[in-house]
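Here is the structure we will look at, set down as structure tokens.
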């Protein structure tokens with residue numbers, strides 16, 4: 001939660017009961033308050049990366065990770081990839097926290113691996129721009145270069161963040177994670193056998209995304 005991360009204090013609030021109109025007349029509805037965090041609040045920056053709002057949220061994130069993540073894991077190696085993924089997730093969370101430290105949005109919890117997965121898509125754009133990706137574009141299944149698929153995704157994140165669409169989506173985390181991935185992939189590649197983009201082209205595996 002942005003408020004907790006900015007202050008370092010665990011925020012606990014009381015349950016609230018409000019009366020709403022329904023077809024059967026006025027109805028009292030109780031909204032649960034914020035409960036005590038069982039771990040230090042700063043650790044929630046990491047743990048929130050492994051929580052999801054539902055099965056579709058989880059499956060969507062895993063789909064993107066499967067499409068783009070294995071290429072970057074092959075580039076970096078398993079251990080570096082794990083550290084890279086977690087670091088991008090932390091940066092993405094902070095990118096969401098910074099503009100939301102005050103006001104009503106500071107009290108809204110955020111969760112999900114989308115920021116970290118955006119960090120994986122950033123280096124995919126840098127290192128595999130020409131790898132073919134199968135996408136659903138304008139209701140037509142077609143193949144496009146990676147820079148088109150990832151580039152359009154990033155442009156839509158920017159437009160959505162400016163337009164205020166889907167206020168329940170932390171677009172700042174998506175954008176921050178993506179930029180972090182682009183910036184961090186080069187130093188993480190230091191010492192690897194091949195530091196050239198498209199080094200994994202020999203495997204010629206077609207990625208699929210809808």
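Figures for the structure shown
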item: Single match in 148, 182 (criterion: part of a helix (DSSP H, G or I) and at pLDDT 90 or above); result: 182
item: Those residues of the range 24-41 which are more than 30 Å from the chain's Cα centre (by Cα) and either surrounded by 10 or more Cβ atoms within 10 Å (Cβ to Cβ) or part of a strand (DSSP E or B) (or both), in sequence order; result: 25, 26, 27, 28, 29, 30
item: Selection count where residues are modelled with pLDDT of 90 or more and either surrounded by 14 or more Cβ atoms within 10 Å (Cβ to Cβ) or closer than 18 Å to residue 88 by Cβ (or both), scope the range 44-57; result: 7
item: Sole exception among (1) closer than 23 Å to residue 185 by Cβ; (2) in contact with a strand residue (DSSP E or B) (Cβ under 6 Å, 6 or more places away or on another chain) for residue 79, by number; result: (2)
item: Candidate set from the range 5-23 (those that are touching a strand residue (DSSP E or B) at 6+ places or on another chain (Cβ under 8 Å) and not in a loop (DSSP other than H, G, I, E, B)); member that is farthest from residue 91 (Cα to Cα); result: 21
item: Positions within the range 53-62 being touching a residue at least 40 places away in the same chain (Cβ under 8 Å) and more than 17 Å from residue 177 (Cα to Cα), in sequence order; result: 53, 57
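The values are calculated or read from the model by the stated rules, or taken from the named source; none is laboratory data. All values derive from a computational prediction rather than experimental measurement. Positions of Cβ are backbone-derived with ideal geometry, glycine not excepted, and every protein chain shown enters the neighbour counts.
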